[in-house]
Amino acid sequence: MIRVVGTGTGASVPEDVLAGAELVVGGRRHLDAVRLPEGAERVVLGALAPALDTIEEYVEKERPVVVLASGDPGFFGIVRALAERFGSGRLDVRAGVSSVAAAFARVGLPWDDAVVVSAHGREQRTAVNVCRAHPKVAVLTGPGAGPAELGAALKDRSRVLVVASALGSAHERVDRVTPAEAAGRDWGAAVSVVLCLDEERALGPVRTVAGPSGRPAGWALEEAEFVHRDSMITKFEVRALALARLGPRPGDLVWDVGAGSGSVAVECARLGAAVTAVEKTPDGVERIRANAAAHGVDVHAVHGTAPAVLAGLDDPDAVFVGGGGRELPAVIGACAQRARRTVVVAMAALDRVPAAREALMSAGFTCDGVLLHASRLAPLPGDVTRLAATNPVFLLWGVRTTARTEGVAQ
């Protein structure tokens, strides 16, 4: 049997939990805080694989093992690796209070509606994008992905970072800082968790299902759901297929270039992605912000002209390019050089299609597309109905098939 004990957020390890253990495995600070049974071997966790091999030697001989872990070891913790290696039936898990629960308790906030993301041993960009998209996020940090790095990546967002260090110890600290303040400090190695909060939305409605808001009940919303100018908006039939090809999801960053009213940007944000909407007209930027606010999502609206303005943005996972003009191939090319996964382009002009397709293929994308020509039901006098045609639109999408070697945000 492997006994897994959560500690490190103020809970001590009772001596009877360790009684009889012949092998005790844990981080150095956990091991230093307990009195080991006489004769027990001690393994300090570093690389996980050698520790698991040692545990297996004891398990095969039915010799008792205790593993000490931080907080709740079943929450982004060692329980997963142990269960995969030895089976959950061999585990006796004694969970402590997770650092996430402790941190939210320290600031007096519920966390049943929080998003929890781990940057420990993983790419920081996923955590950053979740923080951009959601109002209440807990980030489990790691080397190279701590408060300073998060702060530097979130300087353009209205957020407060709560940095909880050494939770449950005599050296516990809980600091509330702006992203810029976080970026300018050396936080050391004692950080337990970082909360990223949009304080205006930190207290959401009462929830029945824990976690972030679920997927919206519908998408490809009616044009009437958005403020727009003279019907200059991506029609819902086009938006439906564009969303399917973009595949926005939590942890992604999506660009909406030539965003207009921001209808595609808002829909991507409703599906959980972080979104940057690029628009060259000041009144268009205001419409994007108004539409995002009306739908309760966070869209970062950038005023500028593509492709030049794109240079200052973080690399996206997916890009939607709307509008057109002579600069369209250059815009598509710039987006394709940066996109990790896919680029989707909507065009009304037949003449632009060959150059747009070439721009995608030249960047190493496979390219496909369709001409969308929809007819909607429309009423006629006498309680009868006709079909009213919408303007045809070409939708091209490119999917990356070659890995990039530079320009990737970490």
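Quick notes on this structure:
- Those residues of segment 295-316 which are in contact with a helix residue (DSSP H, G or I) (Cβ under 8 Å, 6 or more places away or on another chain) and in a helix (DSSP H, G or I), in sequence order: L310
- One residue stands out among those in segment 375-407 that are of a type in the set (A, V, I, L, M, F, W, C), at pLDDT 90 or above and within 40 Å of the chain's Cα centre (by Cα): the one that is surrounded by the fewest Cβ atoms within 10 Å (Cβ to Cβ), which is L377.
- Filtered residue count, segment 46-68, keeping only those that are modelled with pLDDT of 90 or more and under 21 Å from S165 (Cα atoms): 1
- Residue match in segment 82-95 (condition: under 26 Å from L195 (Cα atoms) and outside any helix (DSSP H, G or I)): yes
- Some residue of segment 124-141 being farther than 23 Å from F75 by Cα, assigned to a loop (DSSP other than H, G, I, E, B) and among the polar types (S, T, N, Q): no
- Pick from segment 1-18, criterion polar (S, T, N, Q) and crowded, with 23+ Cβ neighbours inside 10 Å, ranking: modelled with the lowest pLDDT: T9
- Looking at R85, R35, R29, R80, just one residue is closer than 25 Å to A189 by Cα, modelled with pLDDT of 90 or more and open to solvent by 80 Å² or more (accessible area, probe 1.4 Å), and that residue is R80.
- Of the residues contained in segment 341-355, one or more are found to be open to solvent by 10 Å² or more (accessible area, probe 1.4 Å), without any contact (Cβ under 8 Å) to a residue 24 or more places away in the chain and more than 13 Å from L396 (Cα to Cα).
- Residues in segment 234-254 that are open to solvent by less than 20 Å² (accessible area, probe 1.4 Å) and either part of a loop (DSSP other than H, G, I, E, B) or within 17 Å of M347 (Cα to Cα) (or both): V238, R239, A242, L243, L246, P248, G251, D252.
- Flag if V227 is in contact with a Lys or Arg (Cβ under 7 Å, 6 or more places away or on another chain) and of a type in the set (V, I, T): yes
Matching residues to (1) within 26 Å of C131 (Cβ to Cβ); (2) outside any strand (DSSP E or B); (3) open to solvent by 10 Å² or more (accessible area, probe 1.4 Å); (4) of a type in the set (D, E, K, R):
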| residue | (1), (2), (3), (4) |
| --- | --- |
| T208 | yes, yes, yes, no |
| W219 | yes, yes, yes, no |
| V227 | no, yes, yes, no |
| D230 | no, yes, yes, yes |
| A269 | yes, yes, yes, no |
| V275 | yes, no, no, no |
| V278 | yes, no, no, no |
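- Hey, R338 under 24 Å from A133 (Cβ atoms), in contact with a Leu (Cβ under 9 Å, 6 or more places away or on another chain) and not hydrophobic (A, V, I, L, M, F, W, C) or not: yes
- Residues within segment 268-320 that are of a type outside the set (V, I, T) and under 16 Å from the mean Cα position of the chain (by Cα), tallied: 14
Every residue, every condition in (1) in a loop (DSSP other than H, G, I, E, B); (2) open to solvent by less than 60 Å² (accessible area, probe 1.4 Å); (3) in contact with a Cys (Cβ under 6 Å, 6 or more places away or on another chain); (4) under 27 Å from G6 (Cβ atoms), yes or no:
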position: V162; (1), (2), (3), (4): no, yes, no, yes
position: R176; (1), (2), (3), (4): no, no, no, yes
position: E181; (1), (2), (3), (4): no, no, no, no
position: W187; (1), (2), (3), (4): yes, yes, no, yes
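Residue-by-condition table, conditions (1) over 26 Å from T208 (Cβ atoms); (2) in contact (Cβ under 8 Å) with a residue 60 or more places away in the chain:
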| site | (1), (2) |
| --- | --- |
| E62 | yes, no |
| V67 | yes, yes |
| F75 | no, no |
| A83 | yes, no |
| G87 | yes, no |
| R94 | yes, yes |
| S99 | no, yes |
| G121 | yes, no |
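- Qualifying residue in segment 54-62 (condition: assigned to a loop (DSSP other than H, G, I, E, B) and over 30 Å from the mean Cα position of the chain (by Cα)): yes
The values are calculated or read from the model by the stated rules, or taken from the named source; none is laboratory data. Keep in mind it's a predicted model, so treat the numbers as computed, not measured. As a convention, Cβ positions derive from the backbone with ideal geometry for all residues, glycine included, and neighbour counts pool all protein chains shown. To get the accessible areas, we keep the full protein, side chains included, count just its heavy atoms, and leave off ligands, DNA and RNA. Shrake-Rupley method; radii C 1.70, N 1.55, O 1.52, S 1.80 Å.
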